[in-house]
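Structure, as structure tokens:
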Amino acid sequence: MTNHTASATLTKLYLIRHGQAFANVEPIVGGMKGDRGLTPLGVQQAEALRDRLRFSAELRPDVLIASTLPRAKQTAEIIAPALGSEIIFDDELHELRPGVADGMSIEEAHRLYSRVDFATHPFQEVDPGGESWASFVYRCTRALDRILREHQGKTIVLVTHGGLIGASFIYFFKLSGASLPPVGFYTHNTAITWWEQHTRFEQAQWRLRKYNDDTHLATLGYGENLDWERPKVMAEASEPASEVPTEPEKEEAQ
């Protein structure tokens with residue numbers, strides 16, 4: 001008798017947010033022009049993730065793709081040796097793109113162009129030449145769809161930004177990208193989000209296995225130190241998704 005409830009894994013998608021960036025802590029609009037890469041703490045965070053991945057061997061990607069914004073590019077370059085993969089850079093994995101305000105102080109940008117309320121104006125550009133909420137979500141979900149089709153059945157790692165990771169929920173839950181969702185996401189620096197595709201009842205379904213998995217940051221004094229020499233505990237643990245607090249204003253759209 002055929003067991004129709006059996007489940008088979010098809011595609012695994014791991015999304016990693018960059019380490020703390022100067023664009024997160026300085027009042028600068030951090031597009032391609034304003035992004036100065038990782039802070040010293042951001043480098044430490046990325047190195048802690050690298051060390052975790054090296055010892056745990058929990059990720060063996062078939063493909064490693066990174067945003068070309070400096071903060072994500074630098075993070076990917078730090079962790080790549082632990083993954084054993086060459087990096088493919090992809091402009092479509094960017095955070096929400098500013099226009100002419102890129103590189104300005106946030107105060108100056110708000111003074112010149114005001115602050116867009118995406119909840120009431122999802123189609124209004126953040127500043128001249130920049131993206132609106134709707135166009136940003138469309139780019140992110142289109143990029144995810146393209147990457148998943150191109151690498152179907154493989155293990156994929158994307159080094160990207162909090163905004164795109166938030167957009168992955170819109171993509172997989174088939175929410176509307178034409179309005180701001182009623183929930184907000186606060187994806188931590190260098191945290192891992194893990195989506196996994198399965199077949200169940202002869203249909204492909206996506207499951208969220210983990211969100212905000214940043215246990216490696218305990219090595220920086222954020223909590224109890226972990227022993228990365230015991231990789232199986234890390235690799236095989238089935239942990240629930242972390243809480244999703246409201247993202248602080250300073251890190252929005254970074």
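Tabulated results
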{"quantity": "In region 194-210, residue surrounded by the fewest Cβ atoms within 10 Å (Cβ to Cβ) [restricted to those that are touching a residue at least 60 places away in the same chain (Cβ under 8 Å) and in contact with a Ser or Thr (Cβ under 9 Å, 6 or more places away or on another chain)]", "calculated": "PHE201"}
{"quantity": "Any hit, region 39-47, residues being out of contact with any strand residue (DSSP E or B) (no Cβ under 9 Å at 6 or more places or on another chain) and among the charged types (D, E, K, R)", "calculated": "yes"}
{"quantity": "Test result for ARG207, of a type in the set (Lys, Arg) and over 15 Å from the mean Cα position of the chain (by Cα)", "calculated": "yes"}
{"quantity": "Selection count, region 194-212, where residues are more than 17 Å from LEU164 (Cβ to Cβ) and part of a strand (DSSP E or B)", "calculated": "10"}
{"quantity": "Residue satisfying all of: in region 19-59; outside any helix (DSSP H, G or I) and hydrophobic (A, V, I, L, M, F, W, C); nearest to the chain's Cα centre (by Cα) among these", "calculated": "ALA21"}
{"quantity": "Residues that are out of contact with any strand residue (DSSP E or B) (no Cβ under 8 Å at 6 or more places or on another chain) and not in a loop (DSSP other than H, G, I, E, B), drawn from region 104-127", "calculated": "GLU107, GLU108, ALA109, HIS110, ARG111, LEU112, TYR113"}
{"quantity": "Of residues in region 132-155 being within 17 Å of LYS12 (Cβ to Cβ) and aliphatic (A, V, I, L, M), the one surrounded by the most Cβ atoms within 10 Å (Cβ to Cβ)", "calculated": "LEU144"}
{"quantity": "Every residue from region 55-72 that is under 16 Å from TRP194 (Cα atoms) and among the basic types (Lys, Arg)", "calculated": "ARG60"}
{"quantity": "Only one of ASP102, ASP145 that is modelled with pLDDT of 95 or more and more than 17 Å from GLY34 (Cα to Cα)", "calculated": "ASP145"}
{"quantity": "Residues located in region 32-44, provided they are crowded, with 22+ Cβ neighbours inside 10 Å and either of a type outside the set (A, V, I, L, M, F, W, C) or within 16 Å of PHE89 (Cα to Cα) (or both)", "calculated": "ASP35, GLY42"}
{"quantity": "The lone exception for TYR113 - which of (1) in contact (Cβ under 8 Å) with a residue 40 or more places away in the chain; (2) surrounded by 15 or more Cβ atoms within 10 Å (Cβ to Cβ) it fails", "calculated": "(1)"}
{"quantity": "Looking only at region 152-193, and only at residues there that are without any contact (Cβ under 8 Å) to a residue 40 or more places away in the chain and assigned to a loop (DSSP other than H, G, I, E, B), the one that is farthest from GLU92 (Cα to Cα)", "calculated": "PRO182"}
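Here is a yes/no grid of residues against (1) outside any loop (DSSP other than H, G, I, E, B); (2) closer than 30 Å to LEU83 by Cα:
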{"position": "GLU95", "(1), (2)": "no, yes"}
{"position": "ASP102", "(1), (2)": "no, no"}
{"position": "GLY129", "(1), (2)": "no, no"}
{"position": "ASP145", "(1), (2)": "yes, yes"}
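The values are calculated or read from the model by the stated rules, or taken from the named source; none is laboratory data. Predicted model only: the values in this text are computed from it and were never measured. Please note: Cβ atoms are built from the backbone with ideal geometry, for glycine as well, and neighbour counts cover all protein chains shown.
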